[in-house]
Amino acid sequence: MAEQPKFLIIDDDATFTRVLARAITKRDFNVKVARSAEEALEVIKNWLPDFVSLDLKMEGASGLTVIQPLKLAHPTVRIVVLTGYASITTAVEAIKLGATQYLPKPVNADEILHALEQSDADEEVDISNQPMSVNRLEWEHIQKVLSENDGNVSATARALDMHRRTLQRKLAKHPVRQ
């Protein structure tokens, strides 16, 4: 009998991880859950997953910090980064670090598994005829500058010539869809 593929869920949302773990297990995967980036790094010391769903924004370290150690430990691991705070900057960073795919939440098990199975880019992907709204462009720019400053809000505020509290209020809001 072939060994079940290993699937690691890294997310701090207890309800989401419970539902996703059950759904992935039903699809014949051996599933483990880590509730933080730090916990995930401990798990991979003794258990190397074949597939990973990784939340970007959790308590403690960002999910991005787990990608390179995962790839070093298991170069063929397939990683899908999930986030409710999607931005072009974080998507690009996740892919550059070695993630296979990047999906905005909400997402279900079938969508995650489909994303992990995709190995080629989709040249038929829909391209919007509408440009991004000014609010969305502002969100994307803030995320880019925040990334350039390694997540440091004070340095980002200085770079944007914006008061730190104003920037914190903008970051606390959910991103604009388009």
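The values are calculated or read from the model by the stated rules, or taken from the named source; none is laboratory data. Predicted, not measured: the structure shown is a model, and the values here were computed from it. Backbone-built Cβ (ideal geometry, glycine too); neighbour counts: all protein chains shown. Ligands, DNA and RNA are stripped out before the accessible areas are found, and what is left, the full protein with its side chains, is counted by its heavy atoms. Shrake-Rupley method; radii C 1.70, N 1.55, O 1.52, S 1.80 Å.
Taking segment 70-100, which residues are more than 18 Å from GLY151 (Cβ to Cβ) and open to solvent by less than 50 Å² (accessible area, probe 1.4 Å)?
If the condition is that a residue be more than 18 Å from GLY151 (Cβ to Cβ) and open to solvent by less than 50 Å² (accessible area, probe 1.4 Å), then LEU70, ALA73, HIS74, VAL77, ILE79, VAL80, LEU82, GLY98, THR100 are the ones that fit.
Determine whether LYS57 is closer than 19 Å to ALA94 by Cα and part of a loop (DSSP other than H, G, I, E, B).
Yes; evaluated as a whole, the condition is true for this residue.
Pairs please, first residue from segment 43-63 and among the aromatic types (Phe, Trp, Tyr), second anywhere and in a loop (DSSP other than H, G, I, E, B), Cβ atoms under 9 Å, 6+ apart in sequence or on different chains.
Hits for this filter: PHE51/PRO5; PHE51/PHE29; PHE51/VAL77; PHE51/THR100.
Could you give me the residue pairs with C-beta distances under 8 Å whose first residue belongs to segment 150-178 and is modelled with pLDDT under 80, whose second residue is open to solvent by 100 Å² or more (accessible area, probe 1.4 Å) wherever it lies, and which are 6+ apart or on separate chains?
GLN178/GLN130
Within segment 95-102, can one find any residue that is under 9 Å from the mean Cα position of the chain (by Cα), under 25 Å from GLU3 (Cβ atoms), modelled with pLDDT under 90 and in a loop (DSSP other than H, G, I, E, B)?
yes
Which of the residues belonging to segment 6-46 are in a loop (DSSP other than H, G, I, E, B) and over 19 Å from VAL107 (Cβ atoms)?
Residues satisfying the conditions are ASP28, SER36, ILE44, LYS45, ASN46.
Taking segment 103-124 only, how many residues are open to solvent by less than 30 Å² (accessible area, probe 1.4 Å) and either modelled with pLDDT of 85 or more or in contact with a His (Cβ under 9 Å, 6 or more places away or on another chain) (or both)?
Qualifying residue count for the region: 5.
Condition (residue is open to solvent by 40 Å² or more (accessible area, probe 1.4 Å), polar (S, T, N, Q), at pLDDT 90 or above and over 15 Å from the mean Cα position of the chain (by Cα)) applied to segment 13-24: is it met by at least one residue?
Checked against the condition, which is being open to solvent by 40 Å² or more (accessible area, probe 1.4 Å), polar (S, T, N, Q), at pLDDT 90 or above and over 15 Å from the mean Cα position of the chain (by Cα), segment 13-24 yields no hits at all.
Mind listing whichever residues of segment 35-69 are more than 25 Å from LEU171 (Cβ to Cβ), surrounded by 21 or more Cβ atoms within 10 Å (Cβ to Cβ) and in contact with a strand residue (DSSP E or B) (Cβ under 6 Å, 6 or more places away or on another chain)?
PRO49, PHE51, VAL52
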